[in-house]
Every structure is written in C-alpha cells, then in structure tokens.
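Reviewing the structure listed below.
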Amino acid sequence: MPEREAIGTAAVALVGELAAAGMSVATAESCTGGWIAKSITDIPGSSRCFAYGIVSYSNGAKEAVLGVRPGTLAQRGAVSEATVREMAEGVLKLSGASLSVAVSGIAGPDGGSSEKPLGTVWFAWSERHDGYCSTDATLHRLSGDRESIRAQAVVIALQELRQRLRDHG
C-alpha cells in the first residue's frame with residue numbers, strides 16, 4: 001500500500017520539524033483508531049514532541065474526555081466539522097501541546113449514508129497562540145476500502161500538520 005510509505009516518510013519529517021521548532025503535537029482520533037499517534041511515536045525521538053493521543057471512538061468518549069458538547073453530536077453528528085473542531089480544541093487544551101489534529105470519518109465497510117457516504121472524513125487542526133487557539137477544518141471524500149481510507153486519512157493529517165509548522169515558522 002503506497003500510503004504506508006507516505007505515512008512513514010511524513011512521520012519522520014514531522015517529528016524532525018517539531019523537534020527543531022521546539023513544538024509538540026496531540027491527536028484526537030476516531031476513525032483512524034490511534035494510527036496517527038502510532039505513526040508519530042514509531043519514530044525515535046518522538047518523545048520530545050508528542051504530547052498526547054486520544055482515541056475517542058465513541059460519542060461518549062468525545063464528550064467525556066475531549067469536551068465535545070452533546071448538542072454538537074446530537075445536531076451535527078460525530079462526522080462533522082463542528083465535532084472535529086471541538087475534538088481538536090479539546091485535546092489541545094488537555095495536552096498543553098502546540099498543535100493538535102482531530103479526525104472523524106466513515107471508513108466502512110458500512111455506516112455511510114447519502115449525506116455522509118463512505119470515505120467522508122473531517123479533519124481539524126488547532127494551534128496554540130498567545131492566549132488563544134486557532135482552529136480550521138477540512139472535509140475530504142476518500143475512496144477505497146476501510147484500510148485505504150484510514151491510511152489516506154493518516155497521510156493527510158501528518159502532511160497538514162507539517163504545513164501548519166511551515167506556516168508557523
């Protein structure tokens with residue numbers, strides 16, 4: 001799977017760039033099940049720049065651990081811009097990290113709908129600033145089987161973290 005090589009390459013680069021910048025990252029994952037955190041912590045030296053990884057697969061975990069509001073989940077659903085924004089901000093606050101990424105999606109093989117088909121994945125990135133945090137989110141429509149969708153989501157998360165580091169510096 002070409003994504004696996006891309007994951008390794010992006011993770012090595014991200015760890016080096018975070019360490020060089022003196023920054024740290026935290027993850028809040030649903031459909032990727034901790035794969036983003038694993039890819040980062042697979043890299044020697046990641047302890048200098050990896051703060052937290054939370055797998056909030058259930059809505060209850062999103063609420064209890066990350067502080068996602070029950071109303072957000074009830075009105076927008078777990079796979080939504082509002083939910084991933086709250087996930088990213090929640091893990092950033094909990095961890096004290098410089099940056100965070102959150103992901104929630106529908107990897108399949110079932111669970112899709114006409115509104116949110118298989119491969120619908122929302123991402124959010126939060127960055128700590130002096131006294132506040134900024135968060136942005138993006139929607140991706142990925143294709144392939146469950147494994148491929150999840151791997152593509154990990155690549156996107158890592159590459160976008162690297163982009164935010166470049167924008168920061």
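The values are calculated or read from the model by the stated rules, or taken from the named source; none is laboratory data. All values reported here derive from a predicted model rather than from experimental measurement. Positions of Cβ are generated from backbone atoms using ideal geometry, with glycine treated the same way; all protein chains shown enter the neighbour counts.
Here are the numbers:
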item	result
Residue list for segment 122-169, filter: out of contact with any helix residue (DSSP H, G or I) (no Cβ under 9 Å at 6 or more places or on another chain), loosely packed, with under 13 Cβ neighbours inside 10 Å and not acidic (Asp, Glu)	HIS129, GLY131, TYR132, SER134, ARG141, GLN163
Residues of segment 137-150 that turn out to be in contact (Cβ under 8 Å) with a residue 24 or more places away in the chain and over 15 Å from SER30 (Cβ atoms), as a count	6
Segment 97-136: number of residues that are in contact (Cβ under 8 Å) with a residue 24 or more places away in the chain, part of a strand (DSSP E or B) and either out of contact with any strand residue (DSSP E or B) (no Cβ under 8 Å at 6 or more places or on another chain) or of a type in the set (Ser, Thr, Tyr) (or both)	5
Residue check for ALA61: under 28 Å from SER143 (Cα atoms), touching a strand residue (DSSP E or B) at 6+ places or on another chain (Cβ under 8 Å) and either outside any loop (DSSP other than H, G, I, E, B) or among the aliphatic types (A, V, I, L, M) (or both)	yes
So ALA157, is it touching a residue at least 60 places away in the same chain (Cβ under 8 Å) and part of a loop (DSSP other than H, G, I, E, B)	no
Within segment 93-110, considering residues that are among the hydrophobic types (A, V, I, L, M, F, W, C) and buried (at least 18 other Cβ atoms within 10 Å of the Cβ), the one farthest from VAL154 (Cα to Cα)	ALA97
Residue check for THR9: touching a Phe, Trp or Tyr at 6+ places or on another chain (Cβ under 6 Å), modelled with pLDDT of 95 or more and surrounded by fewer than 21 Cβ atoms within 10 Å (Cβ to Cβ)	no
Test: residue in segment 69-92 that is in a loop (DSSP other than H, G, I, E, B) and either touching a His at 6+ places or on another chain (Cβ under 9 Å) or buried (at least 23 other Cβ atoms within 10 Å of the Cβ) (or both)	no
Given (1) surrounded by fewer than 20 Cβ atoms within 10 Å (Cβ to Cβ); (2) modelled with pLDDT of 95 or more, index of the condition SER113 fails	(2)
Any hit, segment 77-100, residues being farther than 28 Å from SER24 by Cβ and over 14 Å from the mean Cα position of the chain (by Cα)	yes
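Residues are listed down the side, and each one gets a yes or a no for (1) under 18 Å from GLN159 (Cα atoms); (2) modelled with pLDDT of 95 or more:
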site: SER58; (1), (2): no, yes
site: GLY71; (1), (2): no, yes
site: GLY90; (1), (2): no, yes
site: PHE123; (1), (2): yes, yes
site: ASP130; (1), (2): no, no
